[in-house]
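A quick write-up on the structure given underneath.
The values are calculated or read from the model by the stated rules, or taken from the named source; none is laboratory data. Not measured: the values here are computed from a predicted model. Methodologically, a virtual Cβ is constructed for each residue, glycine included, from the backbone with ideal geometry; neighbour enumeration extends over all protein chains shown.
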Amino acid sequence: MSDPLVSIRNLGLRYGTFRALEDVSADFSRGTCIVICGPSGSGKSSLLRCINRLEEFQDGDVVFDGASLRACRDLPRLRSEIGMVFQHFELYPHLSVLDNVTLAPRIAKGKPRQEAEETARRLLDRVGIGDQAGKFPGELSGGQQQRAAIARALALEPKLMLFDEPTSALDPEMIAEVLRVMRDLARNGMTMLVVTHEMAFAREVADEIVFMDKGRIVERAETARFFSAPTAPRAREFLDRILHRL
Amino acid sequence: MNLNYTFNWGMLLVDPARSWILNGIAMTIGLSLLAWVFALAIGVTIGSMRMTRSRWLRFLGGAYVELFRNVPLLVQLFIWFFVFPLLLPRDWMMAWNGLDHVPLLTALIGLSLYMAARVAEQIRSGIAAIPKGQFAAARSTGLGEFQVYRHVIAPYAFRVMIPAIASEFMTTFKNSALALTIGVAEITYAARSIESWSFRGIEAFTVASATYMTTTAFVVLFMGWLERRLRIPGLIARR
């Protein structure tokens, strides 16, 4: 694997005495879509949040696009190159959908309003909610809100997209519309790290699956191989449970 | 009710009662509004200090709130009036005592600093009520810490805080009555003067009460208007 976009090196994260991540190492190349799965509390979200330093890790380092996060002196600049989508959308409720998308490009990157709005409208069209631009987040359905949140993250023209359980708070019929947008992104070559329980999505879209348990990566495999023959017993058990829901 | 008392509302309309009342109302409103402006400015600053990452700023902010919130306003006014000048260097004390309207200035300082502590506490709890995910989302888009507060947290928190802030605004008017104890001729002072001059306590204190009720009613109307104006479409309305 040459020139990875993200290189995680012996990463360790503690909350007090609880070890959320322990000695995690992994490289992720450009243009790949990686699904991270595992039981709750296994450290999936924590791992994502270390990659844009929303969590301050104690051990190891993350190298993003050749630059060490530990040594990073300009976090906002780093973060503006990494889009993130959250479980609960986290749109700004007091701003219209359009303003949600244009805020960071205008304020953090200093783009003129008109240019930012043109980009925003294009992105909102792309995620299928171009007609909702003038509404407020509270007036949208969950699926629409999450698509707006994806547009907000894309507006920064990120090199990497992090998805933290993007469909876990959605009704079943809205999950599909969000997954469709994500699939579209992956097919267009976006580098994506996706924490999700949507195994059908993982099987169809992911290049590789990373399985985590108790703060460690216990298995990493090409998608087809992960589903047909997982090696770690813990991963096999997890797959059994999630694929044949009792 | 058989009240052994003959009302004479008319005497309120002739001097000296009339000018006492008019000056008293002007003093109450002026003192309260000015104190409120200072309380907001200082309170927002102190409240923000308590939300920063600096331990020193947080400690200073916390100490301020505890100090000013936990000593009764009446005692604070007496301290500012009787004790504070004694602590000044001699020249400064002379200059201070030489100023016009020392009681009014003292009341303004005391009321502002006291209300600022309460405003600061509202700011802190308002910001604490914002979901953590909002901070994470704003930071994840590359906004700097000040921009996160300026564009995302503050506008949201302010809307959450309006009812509590309205209540503090009304409290400022009511607390201004204590200024009479250091000789500020606000409306309660005027009511007392009328009572001792005419022995007409009912009329005098009715005017004082009506003044507070009218001003606070205006505050309620204004804050209600502000709340409706800033209402976020799609969020559950607060009424």
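Here are a few things to note about the model shown:
- Residue match in segment A:73-95 (condition: small (Gly, Ala, Ser) and more than 8 Å from chain B (Cβ to nearest Cβ)): no
- Scoring B:Arg90 on the criteria (1) basic (Lys, Arg); (2) loosely packed, with under 14 Cβ neighbours inside 10 Å; (3) at pLDDT 90 or above leaves a single failure, condition (3).
- All conditions but one from (1) surrounded by 22 or more Cβ atoms within 10 Å (Cβ to Cβ); (2) in the same structural domain as A:Glu208 (by TED's automatic domain parsing); (3) within 23 Å of A:Lys159 (Cβ to Cβ) apply to A:Cys72; the one that does not is (1).
- Subset of segment A:197-210 (residues that are touching a Phe, Trp or Tyr at 6+ places or on another chain (Cβ under 7 Å) and under 21 Å from A:Leu11 (Cα atoms)): A:Ile209
- Flag if B:Arg150 is in contact (Cβ under 8 Å) with a residue 24 or more places away in the chain, surrounded by fewer than 21 Cβ atoms within 10 Å (Cβ to Cβ) and at the interface with another protein chain (Cβ under 9 Å from one of its Cβ atoms): no
- Residues in segment B:197-229 that are surrounded by 15 or more Cβ atoms within 10 Å (Cβ to Cβ) and over 16 Å from B:Leu12 (Cβ atoms): B:Tyr212, B:Thr215, B:Thr216, B:Val219, B:Met223, B:Gly224, B:Leu226, B:Glu227.
- A:Pro39 being surrounded by 19 or more Cβ atoms within 10 Å (Cβ to Cβ), outside any strand (DSSP E or B) and of a type outside the set (Val, Ile, Thr): no
- Matching helices (runs of 4 or more DSSP H) fully within segment A:156-246 where at least 1 residues are under 30 Å from A:Gly110 (Cα atoms): A:172-187
- Among the residues of segment B:1-59, those that are outside any helix (DSSP H, G or I) and within 24 Å of B:Phe205 (Cα to Cα) comprise B:Met1, B:Asn2, B:Leu3, B:Asn4, B:Tyr5, B:Thr6, B:Phe7, B:Asn8, B:Val14, B:Asp15, B:Pro16.
- Matching residues in segment A:114-129 - criterion: being among the charged types (D, E, K, R) and in contact (Cβ under 8 Å) with a residue 12 or more places away in the chain: A:Glu117, A:Arg121, A:Arg126
- Where A:Phe57 falls short, out of the listed (1) assigned to a loop (DSSP other than H, G, I, E, B); (2) within 14 Å of chain B (Cβ to nearest Cβ); (3) surrounded by 17 or more Cβ atoms within 10 Å (Cβ to Cβ): (2)
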